[in-house]
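This report concerns only the one structure given below.
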Amino acid sequence: MDKLRTVRGVNDLLAENLNNHNFVINKGLNISKKYCYSQIDTPIFEFSEIFTKPLGKTSDIVTKENYTFEDRSGDLLMLRPEGTSGVVRAFLNAGLTQDIPQRFSYFGPMFRYERPQKGRLRQFHQFGVELLGISSSMGDLEVISLANNFLKSLKLDNKIELKINSLGDTDSRLNYRKILVDYLNDFKKELSEDSIKRLKENPLRILDSKNPSDQAILIKAPDVLNYLNEFSKDRFEEVCDGLDSLNIDYKIDKNLVRGLDYYCHTAFEFITDQLGAQGTVLAGGRYDGLSEMLGGIQMPGVGWAAGIERLALMINANYKNNPDLVLIGLSEKFNLDLLQMIDRLIKDGIKTEILYTGNVSKKLKRANKINAQFAIIIGEDEISQNIVNLKNLKTGFQQVMKLGDAINEIKSLLNINSE
RNA sequence: GCGGGUGUAGCUCAGUUGGUUAGAGCGCGGGUUUGUGGUACCUGAGGUCGCCGGUUCGAAGCCGGUCACUCGCCCCA
C-alpha cells in the first residue's frame, strides 16, 4: 500500500451520497412496512454452501465472483453476494415455517468480485423484500406491486420500465431447455465463444446475450412461453392479467432470464436506459425450490432486490445539514457556557453547532458558510446579565433577550416543534 | 476475465511541435475590520503532472509496464 486508498471497487460514502442512499433505504423500509413486511438483518457472511447450493454451480457469482475465506477454525465462509439465501436460511433457522406467510425486508452490503464500473461495485448495497409461503400468483403480484410503489415513491417510475417473463416450473424448464439446445446446436459454429460454453452449462442464459450474431440466431429461436406446460402457462397469464388490473405497465420479454439457478416461474426486472450497461435497477422472481436446496422443507417464495447505488444515482435527495443556530462566544473562555446551553437547545429541537475558534468576524463568516439561520453571541455583558444576543443571519437584525425568549423566537420563525 | 478512453492544486480544467521557475477559475489561509458575516480589494499557502521504468542534452506531453477511474463486453442489482 503506497498511498492511502480504498481497495478496488469499494467506496467511501460521504455525506451527500450517503444521504441519497438513506433516502432510498427509508423509502423502501416505509413502503414495505405498509405492506406489513418486517425488517430482517442477517449476517454479511455465511457458510459458503448457503450461497453455492442455491445459486448453482455454473453461475459466475459462485465460480469466480465471490469473496471466500477460511476462518481460524477452518470453516469455509463467503461474504454474501446476494440477500435472498441468507433470509431464507434465517427463516428456516427460526422455525417460522410454522407461521406462514412471512414477509421480510432487508438492506445492506453485498460483495461480488467483478470488474468495477459506475453503478457496479465490489461492495455494493441492496434493498430487498421476500415473501415466503405463498405459492399462488398473488405473491408475485404483491411483490411487484410493492416494487412499483417503491419506485414511484422515488419518483422514478417514468424512467424505469418493467419487463417480465416466465421460466415455468421444473418440468417446463427442463423441456424447454432441451428444445432450445437442439435449436442452438444447429448454429453452433455461428454462436459466440461465451454462448458455446453456456450451451452446456446454462443454455437459458444465451437468450439474453448481446452478441449480434447470437441475437440474429435467437430471433427464430423457440419461445419459452410456448413451451410452458398448462399449469405454468395459466400461472403466467394470471400474473399478466393481475398486472393489467393493477394498472402496472409491463412488457413481456421472452429473453429475460434470471442468472441464478433458484428462480422459477415469474422473473422480472425494472430497467432504465439512464445507467448504461448497468440498467437493471431492481430485479427478482419466484424461487420455490430455494428452501429445499438449502436443506429445508418445500417452501414457495418470491422476492426482489434493488441496487441502492443504482437508484441513488438516479435521484437527488437534496442534502442539507445546515444548523438552525450557531453559538458564538467572544473568546474561547465562553465555550463551556455554550456547551451547557446546547443541552437546552437540542431538547427544543434546534439544530445547533458551536463555533469554537476564531474571532467573532471569523465565526460569523463560518456561520454564513455553513448556512446557519441564527447566531447566539455571548460575552461578558450577556453572561453577567443572564441574557443572550440573538442575531438573525438572514436579516441581520439582532437584539438581546433571555435565552428562553430566544428559543421561542427561533422555534416560531423556523417552525420547529420540540419533542 | 477481454477491448477502448482518461489520470496535472481540495474541486473543475488549461498547458502549442518535447525546452527555463507547470498555470487559471472556484475553494482554502491571512489582512483591510481587536464585539459582528455575506460584497469588494490586497495577500499567502497549496503540485513527486497517478506510480515505476525507458528514450532524450532535456519529458506533464513520446515509448513500455503498472494502478485507479470510466465506456463497452461479460456478469448482474
Please enumerate the residues belonging to segment A:180-210 that are assigned to a helix (DSSP H, G or I) and open to solvent by less than 50 Å² (accessible area, probe 1.4 Å). A:180, A:181, A:183, A:184, A:195, A:199, A:203, A:204, A:206, A:207
In segment A:87-100, anything over 23 Å from the mean Cα position of the chain (by Cα) and crowded, with 16+ Cβ neighbours inside 10 Å is listed as A:92, A:96, A:97
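Looking at residue A:77, is it in a helix (DSSP H, G or I), in the same structural domain as residue A:281 (by TED's automatic domain parsing) and either surrounded by fewer than 21 Cβ atoms within 10 Å (Cβ to Cβ) or on the phi < 0 side of the Ramachandran plot (or both)?
no
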Checked segment A:115-155 for anything part of a loop (DSSP other than H, G, I, E, B) and either away from RNA strand B (no atom under 14 Å from the Cβ) or within 18 Å of residue A:305 (Cα to Cα) (or both); matches are A:119, A:121, A:122, A:133, A:134, A:135, A:136, A:154, A:155
Condition first: among the charged types (D, E, K, R) and touching a residue at least 60 places away in the same chain (Cβ under 8 Å). Now tell me which residues in segment A:297-323 satisfy that. A:309, A:310
So, of the residues in segment A:387-412 that are surrounded by 14 or more Cβ atoms within 10 Å (Cβ to Cβ) and basic (Lys, Arg), which turns out to be farthest from residue A:373 (Cα to Cα)? A:411
Can you find a residue that is touching a residue at least 60 places away in the same chain (Cβ under 8 Å), crowded, with 19+ Cβ neighbours inside 10 Å and either more than 23 Å from residue A:101 (Cα to Cα) or within 16 Å of RNA strand B (Cβ to nearest atom) (or both) anywhere in segment A:354-364? no
For segment A:98-112, enumerate the residues that are part of a loop (DSSP other than H, G, I, E, B) and touching a residue at least 60 places away in the same chain (Cβ under 8 Å). A:100
Flag for residue A:85 being within 13 Å of RNA strand B (Cβ to nearest atom), hydroxyl-bearing (Ser, Thr, Tyr), within 30 Å of residue A:149 (Cα to Cα) and touching a strand residue (DSSP E or B) at 6+ places or on another chain (Cβ under 8 Å): yes
Considering (1) of a type outside the set (A, V, I, L, M); (2) open to solvent by less than 30 Å² (accessible area, probe 1.4 Å); (3) more than 19 Å from residue A:166 (Cα to Cα), say which one residue A:274 fails and leave the rest. (2)
Checked against (1) over 22 Å from residue A:173 (Cα atoms); (2) outside any loop (DSSP other than H, G, I, E, B); (3) assigned by TED's automatic domain parsing to the domain that holds residue A:284; (4) touching a residue at least 12 places away in the same chain (Cβ under 8 Å), residue A:213 satisfies every condition except (3)
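The values are calculated or read from the model by the stated rules, or taken from the named source; none is laboratory data. Small disclaimer: the values here were computed from a predicted structure and weren't measured. A quick note on method: Cβ atoms are made from the backbone with ideal geometry, for glycine too, and the neighbour counts reach across all protein chains shown. The protein model used for the area step is the full one, side chains on, heavy atoms only, and it has no ligands, DNA or RNA in it. Shrake-Rupley method; radii C 1.70, N 1.55, O 1.52, S 1.80 Å.
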